[in-house]
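Report on the following structure.
The values are calculated or read from the model by the stated rules, or taken from the named source; none is laboratory data. All figures in this text were calculated on a predicted structure; none of them were measured in a lab. Cβ placement follows ideal geometry from the backbone for every residue including glycine, while neighbour counts extend to all protein chains displayed. Heavy atoms of the whole protein, side chains included, go into the accessibility calculation; ligands, DNA and RNA do not. Shrake-Rupley method; radii C 1.70, N 1.55, O 1.52, S 1.80 Å.
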Amino acid sequence: MDIDPRRSRERMVREQIIARGVSSPAVLAAVRKTPRHLFVEEALKPQAYEDHPLPIGYGQTISQPYVVAWMTELLDVGPGMKVLEIGTGSGYQTAVLAEMGAQVYSVERVPELHKLAGNRLAAMGLGSVHLKLDDGTMGWPEHAPFERILVTAGGPKVPQSYLEQLADPGLLVMPVGAERRSQTLVMVKKQDGRIGRKTLGQVTFVDLVGKHGW
Ligand code: SAH
């Protein structure tokens, strides 16, 4: 297999992301820049650019490249926006958002993953990232409101705390499902005090575990 990270990344962008319809130049540029192989453990590096999620330990996964790009495009992130991310995991999605110029506030509940992601993001010099170890189903009220909220774990419903912490106007993207490991991607839009919701297709994320999750 091709193990040159730049070539692997370029091929991933063309064959997995552009080919499936993601076209936002800002998203494509951020994915092209973000070294995904640095967000998986050594033994899995050769698979880092393949078309599937990978285990990151503690029963968790780094999302499939296409899913990260698709969700980031849906979120319509612009430079300087305040973004709340729930489920730091490997830190890869966090890095993509920071690369787009967002101020990212990311919460993770597994201490080891929180620490590892922090080390990786610090080593990459991504300064606009704030990480917290906590139950992210409560959001991060001290830093609200957020113009964007991205949840990368699946819960039974959109927690009320997220709706309260979403700015107006604001967008939220989250996998929601009545059963574990099977969700519909939901987009919530807040504008002029009103909340609208649309569904965008099936996805499979690990569980959002916590007070307002599973
Ligand atoms: N965005 C990540 C995907 C991580 S998988 C990446 O790019 O690698 C989902 C993550 O959500 C897991 O790390 C899991 O531990 C975390 N998670 C689950 N429930 C959570 C909660 N209540 N608060 C914060 N993180 C949570």
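Using only the heavy atoms of the protein chains and a 1.4 Å probe, how would VAL107, VAL209 rank by accessible area, largest first?
On the way: VAL107 5, VAL209 50 Å².
Descending accessible area places them as VAL209, VAL107.
How high is the FRET efficiency from LEU200 to ALA29, r the C-beta distance, R0 25 Å, rounded to 0.05?
On the way: r = 23 Å, r/R0 = 0.92.
E between LEU200 and ALA29, to the nearest 0.05, is 0.65.
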Out of the total accessible area of the chain (probe 1.4 Å, heavy atoms of protein only), what percent is carbon and sulfur? 52 percent
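Using heavy-atom solvent-accessible surface (probe 1.4 Å) with all chains present, what is the largest-first order of THR88, THR184?
On the way: THR88 5, THR184 35 Å².
If we order THR88, THR184 from most to least accessible, we get THR184, THR88.
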Per residue, in Å², the accessible surface of the chain once ligands and nucleic acids are set aside, probe 1.4 Å: 45 Å²
Restricted to pairs 8 or more residues apart or on different chains, the lysines in segment 45-191 with C-alpha atoms under 24 Å apart form a number of pairs equal to 10
Separation between the LEU44 and ALA167 pseudo-spin-labels, each 7 Å from Cα along Cα→Cβ, expressed in nm? 3.3 nm
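If you take all C-alpha pairs in segment 53-206, what percent of them are over 26 Å apart?
Details: 1907 of 11781 pairs.
The proportion of pairs with Cα distances above 26 Å equals 16 percent.
Given only helices, namely DSSP H runs of n ≥ 4 each adding -39500 (n - 2.57), what is the per-residue ellipticity at 222 nm of the chain, to the nearest 500 deg cm²/dmol?
On the way: 6 runs with 55 residues, N = 214.
Taken over the chain, the calculation gives -7500 deg cm²/dmol.
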With a 1.4 Å probe and all protein chains kept in place, how do SER128, SER8 rank by accessible area, largest first? SER128, SER8
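Take the alpha carbon atoms of segment 28-135, find their radius of gyration, then divide it by 2.2 N^0.38 Å using N residues; give the quotient. Before the final figure, lay out the partial values.
Working: Rg = 12.7 Å, N = 108, 2.2 N^0.38 = 13.0 Å.
The value comes to 0.97.
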Expressed in square angstrom to the nearest 10, the accessible area of ARG14 with a 1.4 Å probe stands at 130 Å²
Gap in Å between the Cα centre of segment 181-199 and the Cα centre of segment 115-175? 16 Å
Please work out how much accessible surface LEU150 shows to a 1.4 Å probe, ignoring ligands, DNA and RNA, in Å² rounded to 10. 0 Å²
Taking every DSSP bridge whose two residues both lie in segment 5-203, the antiparallel percent to the nearest 5 is 50 percent
